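The values are calculated or read from the model by the stated rules, or taken from the named source; none is laboratory data. Bear in mind the structure is a predicted one, so any value in this text is a computation, not a measurement. FYI the Cβ positions are ideal-geometry reconstructions off the backbone, even for glycines, and counts take in every protein chain you see. These area figures cover heavy atoms from the full protein model, side chains too; ligands, DNA and RNA do not enter into them. Shrake-Rupley method; radii C 1.70, N 1.55, O 1.52, S 1.80 Å.
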Amino acid sequence: MPGDSVLYSERPEWSDIQPIAQYETVTPVAPIFYSDEYKDATGYFRAVVKANERSERVLQLTEHIIRLNPGHYSVWQYRWSTLLALGSSLEDELLLMDELATTYLKTYQVWHHRRLIITELGGKSNPARELRFIRQGLNVDSKNYHTWAYRQWLLAHFNEDALWEGELPFVEEMLDEDVRNNSAWHHRFFTVWQSGVRAGEEDREYTLNRELSYTKEKIALAPNNGSAWNYLRGVLDFTKTSYSTLRTFIEPYTAPRDESEPEVLDLDNPLPSKDAQLPCVAAIEFLAEIYESEVDNAKRAAELYRSLAEVHDKIREKYWNYRVGEALSSAGQVVAS
Amino acid sequence: MSQASPDELRLHRTGHISHALRCLSGLPGSLTSLDSSRMLIAYYSLSILDLLDGLSEKKKVIEQCREWIWKQFIHSEVGSGFRASPAVCVDEHAETPSSIDSPHLIMTYGALLSLAVLRDDYSQLDRSGIKRLLRSAQRPDGSFSGVPNEGESDVRMVYCAFAICTMLDDWSSIDIDKAITFVQHCRTYEGGYSQVPGQEAQGGTTYCALATLYLSPIPARLSPKERVQTIRWLAWNQDSGFRGRTEKPPDACYSFWCGGAMKILNADGYVNVAENARWLSACQFRYGGISKNPTETPDPFHTYLSLASLAVYQPKVPDDGDAGPGFDATWQLPDHDLLINARRETAEWALLHIPDSPRTESD
C-alpha cells in the first residue's frame, strides 16, 4: 500500500537487487520531486527490468508503483508481459483491476490493461460481468470517456446479441438519471445505428419511429438540451429523413407559450413541459433549416436566424449572421438558376 | 507596458512566464502522475515562453533544455525518436535501450517543436531513424500508436505522425491513405471526431482529426456538407469559453481545440472573440498560469493552449461594439501556426532547419 510500506532498500527479500537511480546526467528539465517511496520503488523497478526478471515480486513491485502513479505506462507494459511470462491467473488480475479501475477511473491505462486481460481470456471471459462493472463505474463518473470507450469496445469485440439486448434499457436508465448526458446519447446512436442490424431489428421504419418518439419526449421534457437535438438531427441525417416531417412537432418550441390556447394532447407531437424556457434556440434553428430547404422560404429562414443573432442567442451572433447570409445566398442561387 | 484601466482586462504575462519557468525547473511530488510525460511539460512550458517572448536573455535555460531534450533522443529496435524522460532508462551506455524504454510519437512531436523554440540546428537528428519509428508505429487500421506495438493508438497519434512528416518534409514512411480513412471513421453523427471510431465526438480529437486532414499531402478536406455540420457543432460548443463535448461545462483547453478547429475550417469569423478572451481571463491564476476553469489550479497544458487560442483569436484593443470590459495591450500575441500548433516563426524554424532528406538515404 502506498504511504505505509517499508522501503525496498530495507527489505531482506530484495537484498539481492542493486537499485538503479534515475539517469539524470545533465541538468534535468521539469524534474519531479519524487517521494522517497516512489524513488525507492522505481529504482528497484529499473533494476528488475535490466535483469529482465519475471517473478511474483515483480508483480508486487509494479502494483505498488501503479498505485503511486497509475499513468506510468512502461510499468503497466512490464507488468503485462510478466503476467504472461508467469502464466499468472488473469481472473485474479481482473479482480485487482476492479479495484484499481474504481480508484483510478480517469487513467487510460487501467482500462487498457483490462482490455488486454479480456482479449487474452477470450472465450473464458465474462463480458456480461464487464457490462455490469462498467455500469458501476458510470455511477461514479457518468461521462468518463475511457469507461464509455471500453463499453463500446467490449460490445463490438464480442458482438453477441445477448449483450446488445440490454443496451437500450441501459441507455434509457442513464438518460433518466441525466437527460443531458451526451455520452449516453452517443451510445444510443452507436447501439441503434452504428453496430449493424441485429435479428428483430430489421424493420428500420419501426426503429426510426421509435427513436423519433423517444427523442421528442426527451426534448419535451427539457427543450434546451443540445444532446437530444444533435441526436434527432443525427437520426434524420442517417436515415435521410427530411427535417420538414417534424414541423408540427417543432413549431410550439419556437415561440413563447400561448397560454390562451387550450392544450390538445397529441402523442406524436408532445408539447414543451410547463417549466420549459421558450422559445428554444435549437428549435428556431431547426425550423429555419426547414424553411431553407423549401422553395421561396429563404427570407423566413433568414428572419429566424436573425432573431437568434439579435435576441435569443447573442453569444453566437456572428455565427447566426453567417447562417442568414447562407440562407439568402442559396435562395439567390435558386432564383438565378 | 501601459497601465490597464480598471475596466480593462489584463493578460498577466509576467505571471505566466514565471509559471512556465517554475515548471521547467521542477514539479512537486504531487505531480508524479506527469512522470511519463515530462517532455510534454517541457514543450508546453517552452511554448508559453515562446508566445510571451519569455526566453530572451535566458541563455542558461535554453542551453539546459536543449541538452536535456537531446539526451532523450534514443535509438531503439523500432526506430529513433524522443522519449518522455529517462524514468525507465536502465543503462545509459547500452547500445539499445530496454524494451520498455522506447521513443514515443507524441514526445517526438513535442521535442521537435521544443527544439525549434530553442532555435536548435537539429544536427543530432537521425532522420531515417524517425522514419523507421513512424513506419513501425502505424497499425493495420491506419492509426498510429505512441509506442510501436503498445498501448493507445488513436487520432492524437495520427496527428503527431502527420505533423512530424510535415516537419521532415517526407511522407514516404507512412500509409497516408489508410491513416486518412481511419480519421474519417472517427467522424460522428454530431459532426465532430472521436478518439477512435465508434466513440463520442470530442473537441481535442476534432482538432487532431481536422489538422491531420488539412496537413495531408493527399486531398482529404471535408466536403461542403461535412464542413457546415462540423462548424455548427463547434459553434454550439462555445459557451463564453468552449466545451469539449455537447452539454459539458467549458474548459480552457477547448478554446484552442475547438477555436482552432473553427479556424482550420475558415470559420474563425464566427467565434465570439471577446467572450472567449473574457473566459480565459477569468481562468488566470492569481500567481501565474491558466487553469481549466476559474476554480482549478493552473498547469502548463492549459496555460499554453489558452495562450495559443488567444494568439489565434486576438481580442480587439479596445473591443468595439461589445458591452463587456475591454482588453489592454497585454493581449497582443504573435502569429500562430495553426496546423503545427506553434508560434509561426517557430514552426517555420522547424520546417527550415530540420535537415532535408539526403539523396543517399536508404529508406
Residue under question is B:ARG286, and the condition is that it be within 14 Å of chain A (Cβ to nearest Cβ) and either open to solvent by 10 Å² or more (accessible area, probe 1.4 Å) or at pLDDT below 95 (or both); does it hold? no
Could you list, in sequence order, the residues of the stretch B:30-39 that are open to solvent by 30 Å² or more (accessible area, probe 1.4 Å) and either closer than 15 Å to A:HIS72 by Cβ or within 7 Å of chain A (Cβ to nearest Cβ) (or both)? B:LEU31, B:SER33, B:LEU34
Can you tell which of B:SER47, B:SER30 is touching a residue at least 60 places away in the same chain (Cβ under 8 Å), hydroxyl-bearing (Ser, Thr, Tyr) and assigned to a helix (DSSP H, G or I)? B:SER47
Qualifying positions in the stretch A:10-56 - in contact (Cβ under 8 Å) with a residue 12 or more places away in the chain, surrounded by fewer than 15 Cβ atoms within 10 Å (Cβ to Cβ) and part of a helix (DSSP H, G or I): A:GLU13, A:ASP36, A:GLU56
(1) open to solvent by less than 70 Å² (accessible area, probe 1.4 Å); (2) not in a loop (DSSP other than H, G, I, E, B): which one isn't true of A:ASN269, the others all being true? (2)
For the stretch B:62-85, which residues satisfy the criterion of being more than 8 Å from chain A (Cβ to nearest Cβ), aromatic (Phe, Trp, Tyr) and either assigned to a helix (DSSP H, G or I) or surrounded by fewer than 22 Cβ atoms within 10 Å (Cβ to Cβ) (or both)? B:TRP70, B:PHE73
Kindly list, by first and then second residue, each pair from a residue in the stretch A:192-213 that is at pLDDT 90 or above to a residue that is among the small types (Gly, Ala, Ser), limited to pairs with Cβ atoms under 7 Å and residues at least 6 apart or on different chains. A:GLN194/B:GLY198; A:SER195/A:ALA156
Find the residue count for the stretch A:237-267, including only residues that are within 14 Å of another protein chain (Cβ to nearest Cβ) and touching a residue at least 12 places away in the same chain (Cβ under 8 Å). 4
Among A:LEU7, A:LEU68, which is the only one that is of a type in the set (A, V, I, L, M, F, W, C) and more than 10 Å from chain B (Cβ to nearest Cβ)? A:LEU7
Confirm whether B:ASP299 is within 14 Å of chain A (Cβ to nearest Cβ), at pLDDT below 95 and at negative phi. no
In the stretch B:183-232, the residues that are touching an Asp or Glu at 6+ places or on another chain (Cβ under 6 Å), buried (at least 22 other Cβ atoms within 10 Å of the Cβ) and within 8 Å of another protein chain (Cβ to nearest Cβ): B:GLN195, B:ALA201
Within the stretch A:171-221, how many residues turn out to be under 23 Å from B:ARG245 (Cα atoms) and either under 14 Å from the mean Cα position of the chain (by Cα) or not in a helix (DSSP H, G or I) (or both)? 19
Check on A:LEU308, at pLDDT 95 or above, more than 14 Å from chain B (Cβ to nearest Cβ) and surrounded by 18 or more Cβ atoms within 10 Å (Cβ to Cβ): no
Of the listed residues (A:GLU289, A:GLU326, A:GLU285), the one being within 13 Å of chain B (Cβ to nearest Cβ), of a type in the set (D, E, K, R), open to solvent by less than 10 Å² (accessible area, probe 1.4 Å) and within 20 Å of B:LYS225 (Cα to Cα) is A:GLU285
Is there any pair linking a residue in the stretch B:134-162 that is over 19 Å from B:SER194 (Cα atoms) and within 13 Å of another protein chain (Cβ to nearest Cβ) to one that is surrounded by fewer than 24 Cβ atoms within 10 Å (Cβ to Cβ) and not charged (D, E, K, R), with Cβ under 6 Å and at least six apart or on different chains, and which? B:PRO148/B:VAL78; B:PRO148/B:SER136; B:GLU150/A:GLN77
With respect to A:ARG257, is the statement that it is touching a helix residue (DSSP H, G or I) at 6+ places or on another chain (Cβ under 7 Å), open to solvent by 50 Å² or more (accessible area, probe 1.4 Å) and in the same structural domain as A:ARG300 (by the TED database) true? no
Residue pairs within 7 Å by beta carbon, gap of at least six or interchain, first lying in the stretch A:295-322 and outside any helix (DSSP H, G or I), second crowded, with 16+ Cβ neighbours inside 10 Å and aromatic (Phe, Trp, Tyr), listed first then second, are A:ASN297/A:TYR291; A:ASP313/A:TRP320
Applying the selection to the stretch A:115-148, what residues are aliphatic (A, V, I, L, M) and open to solvent by 10 Å² or more (accessible area, probe 1.4 Å)? A:LEU116, A:LEU121, A:ALA128, A:LEU131, A:VAL140
Residue check for B:ARG119: among the basic types (Lys, Arg) and either touching a residue at least 60 places away in the same chain (Cβ under 8 Å) or not in a helix (DSSP H, G or I) (or both): yes
Would you mind stating whether B:SER18 is open to solvent by 40 Å² or more (accessible area, probe 1.4 Å), modelled with pLDDT of 95 or more and not in a loop (DSSP other than H, G, I, E, B)? yes
Lone qualifier among A:LEU94, A:LEU59, A:LEU105, A:LEU7 - being buried (at least 20 other Cβ atoms within 10 Å of the Cβ) and on the phi < 0 side of the Ramachandran plot: A:LEU94
Given (1) among the charged types (D, E, K, R); (2) surrounded by fewer than 24 Cβ atoms within 10 Å (Cβ to Cβ); (3) modelled with pLDDT of 95 or more, where does B:GLU152 come up short, assuming only one miss? (3)
All but one of (1) open to solvent by less than 30 Å² (accessible area, probe 1.4 Å); (2) within 14 Å of chain B (Cβ to nearest Cβ); (3) not polar (S, T, N, Q) hold for A:ALA85; which doesn't? (1)
Among what's in the stretch B:88-109 and is of a type in the set (A, V, I, L, M) and part of a loop (DSSP other than H, G, I, E, B), pick the residue that is nearest to B:VAL147 (Cα to Cα). B:ILE100
